[in-house]
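One structure is given below, encoded as structure tokens.
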Amino acid sequence: MRPKIYPQLPPPFNQIPRYPILYHEPSPIHPLPTLSHTSTTTRTPPIPRISIFAKREDQGSPLACAGNKYRKLEYIIPDILSQTPTYYYHESHPATKPLPGPATILVTEGALQSNHTVQVAALARKLGLKALVLLNRDTGGGYKTSSAPECFAQTGNVQINRLLGAEIRMYNANNPEATDAQPVLDELTKSGQRPYWIPGGASLHSLGGLGYARAAFEIAAQEKEAQLGGSGRFDFIFVACGSGSTVAGLISGFKLLEKLRRSSGEASWDRGSRNIIGILTSPTRPQNYHEERVLRFARRAGELIGLLDAEMEVTMEDVHLDDRFVGDGYGVIDDETRKALSLMAETEGIVLDPVYTAKVAAGMMHWVHSEEMTKYAPEHGLQEVNVLFIHTGGQAALSAYFDRI
Ligand SMILES: *Cc1c(COP(=O)(O)O)cnc(C)c1O
């Protein structure tokens, strides 16, 4: 049995429609004892004690290949099912009119081994809709660096998309469809369908940040129940940053939480804000590109959930991204990423994914041994630092990397 803790959301956040596709209980948080032990004893001096936990977003939903996109989609479904879906259009095509009725097909895009597209396809089937996924061969280096590109394009998430009955269209960088889905949406509309467009990772979707804002409340409820040592909360939270709305949602959710707790005078909230570290997973764009997006997404979510002046309340000071672990390319496994995959498998028996969470683990292990963490404890009067690793899913891509792991 899992503990039954439900996040209590304040108004107006609790008024925003959400269609549940996650389990009713929060995704589990559990300790990583071996990793915590080695992280503590291999430091000199072995103070502070490092307690590492994992939040299992890869076990958050009964749907195929559970992962972080389902949490975002919960807040998008009411629009998909509404009589006048309004948020479906591509941000680069704001002139597109709202759909004249509930969507009949979900359309989305991603890299060849995208986890997001699988979660959209599974959701479509769950809702009784069709799915069309645009897969770009040239996003990152997974396909290019594979010793068996034919296999890379058929296994892992591609296979699961097929199993889910999604229509798959593969593109490469030279196709206009790789950057512009409008012709596909027009084609579907002409054939009498009502296509609902969900941008890659659902991050550009206006409602894309809400799911992880809610996750912040869930994590806060769980850390309270877990009766953590040290500060009593997770001092550092590590999560992947790809399209950006996962880390952005967390930033806005914790911002609201900390504001509410401060105004209620709860003493434990005097320690400043939690350190939410987004580990970047692709070197394609510079860090400041991602920072700007994450800030924008965090403010957009913040406005919706009740940060009345999100422009003022959420600032660049809240955005902490780390680009040191991006490796050689999106979807390319370098030595550090491979080592982190093995470390987690061999010490804790936990399987990560090769594209996102392994890079987060590599980054987290670096941080755990860094000066930031050593200095943080005495500065905050702590003997122990609590660290949360967010496992966002993605293991289904592993088989496509059979030649490199
Ligand atoms: C999409 C994805 C991420 C990144 O989340 P964003 O919200 O796009 O930043 C991290 N991990 C996994 C497994 C993913 O599929």
Completion exercise
With a ≥ b ≥ c from the Cα gyration tensor eigenvalues, square-rooted, and the rule rounded for a/c under 1.5, otherwise prolate when a/b > b/c and oblate otherwise, region 69-202 is prolate
Exercise for the section: Positive end of the charge dipole of the chain (Lys, Arg +1 and Asp, Glu -1 on Cβ, about the Cα centre): tell me which of S231, S243, V133 has its Cα farthest that way. Expected result: V133
Fill in the blank from the handout: Full extension between Y289 and T104 adds, at 0.36 nm per residue less the Cα distance, a length in nm of 63.2 nm
Handout entry: Over 26 Å (Cα to Cα) - which of K72/K375; K130/K359; K224/K255 fall in this group
Key = K72/K375; K130/K359
Practice task
Run the quick spin-label model on R125 and N175: label points 7 Å from Cα toward the beta carbon, then report their separation in nm to one decimal.
Solution key: 2.2 nm
Fill in the blank from the handout: For region 325-403 the mean separation of alpha carbon contacts under 8 Å (6+ apart) over residue count, i.e. relative contact order in percent, is 31 percent
Exercise for the section: Please get the size of the charge dipole for region 69-202, origin at its Cα centre, with Cβ charges of +1 on Lys and Arg and -1 on Asp and Glu, quoted in debye to the nearest 20. Expected result: 380 debye
Practice task
Compute the distance in nm between two label points, each set 7 Å from the Cα along the Cα-to-Cβ direction, one at K339 and one at R261.
Solution key: 3.4 nm
Problem - Selection from I168, Y70, I198, by position along the positive dipole direction of region 69-202 (Cβ) - result: Y70
Problem - Value of relative contact order over the chain, rounded to a whole percent, pairs C-alpha under 8 Å and six or more apart - result: 21 percent
Exercise for the section: For the chain, give the magnitude of the charge dipole about the Cα centre (Cβ charges: +1 Lys/Arg, -1 Asp/Glu; no others), in debye to the nearest 20. Expected result: 920 debye
Exercise for the section: Take each of the peptides 113-120, 153-160, average the number of other beta-carbon atoms within 10 Å over its residues, and list them starting from the highest. Expected result: 113-120, 153-160
Practice task
State the percentage of accessible surface on region 161-214 attributable to carbon and sulfur atoms; use a 1.4 Å probe and exclude ligands, DNA and RNA.
Solution key: 50 percent
Practice task
For n ≥ 4 DSSP H runs only, could you compute -39500 (n - 2.57) per run for the chain, divide by its residues and tell me the 222 nm figure to the nearest 500?
Solution key: -11000 deg cm²/dmol
Handout entry: Surface share of carbon and sulfur [accessible, 1.4 angstrom probe, percent] for region 234-344
Key = 49 percent
Practice task
State, as an integer percentage, the relative contact order of region 69-202 based on alpha-carbon contacts under 8 Å between residues 6 or more apart.
Solution key: 32 percent
Practice task
Would you mind telling me which residue in A166, A131, A221 has the biggest mean-square fluctuation in a Gaussian network model of the chain, where springs connect alpha carbons within a distance under 10 angstrom?
Solution key: A221
Exercise for the section: With θ set to phi - 60°, apply the Karplus curve 6.51 cos²θ - 1.76 cosθ + 1.60 along region 43-55 and write out the HN-Hα couplings as whole Hz, x wherever there is a Gly or Pro. Expected result: 9, 10, x, x, 10, x, 6, 9, 10, 9, 10, 10, 9
Completion exercise
region 69-202 accessible area per residue, 1.4 Å probe, protein heavy atoms, integer Å², reads 40 Å²
Practice task
For the chain, set up a Gaussian network in which alpha carbons nearer than 10 Å are linked by springs, and say which option among E303, E57, E266 fluctuates the most.
Solution key: E266
Fill in the blank from the handout: Ordering 76-87, 251-262 by per-residue average of other C-beta atoms within 10 angstrom, highest first, gives 251-262, 76-87
Exercise for the section: Sort 194-202, 355-363, 329-337, 101-109 for me by packing, meaning the mean count of neighbouring Cβ atoms within 10 Å per residue, highest on top. Expected result: 355-363, 194-202, 101-109, 329-337
Exercise for the section: Give, in nm to one decimal, the length gained when the segment between T41 and V351 is fully stretched (0.36 nm per residue of separation minus the Cα-Cα distance). Expected result: 109.2 nm
Handout entry: Restricting region 1-51 to trypsin sites (Lys or Arg not before Pro) in coil, as DSSP defines it, with at most 12 other Cβ within 10 Å
Key = K4
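The values are calculated or read from the model by the stated rules, or taken from the named source; none is laboratory data. Since the structure is predicted, the reported quantities are computational estimates derived from the model, not experimental observations. Glycine gets a Cβ as well: all are built from the backbone with ideal geometry, and neighbour counts include every protein chain shown. Please note that ligands, DNA and RNA were not included when accessible areas were found on the heavy atoms of the full protein model with its side chains. Shrake-Rupley method; radii C 1.70, N 1.55, O 1.52, S 1.80 Å.
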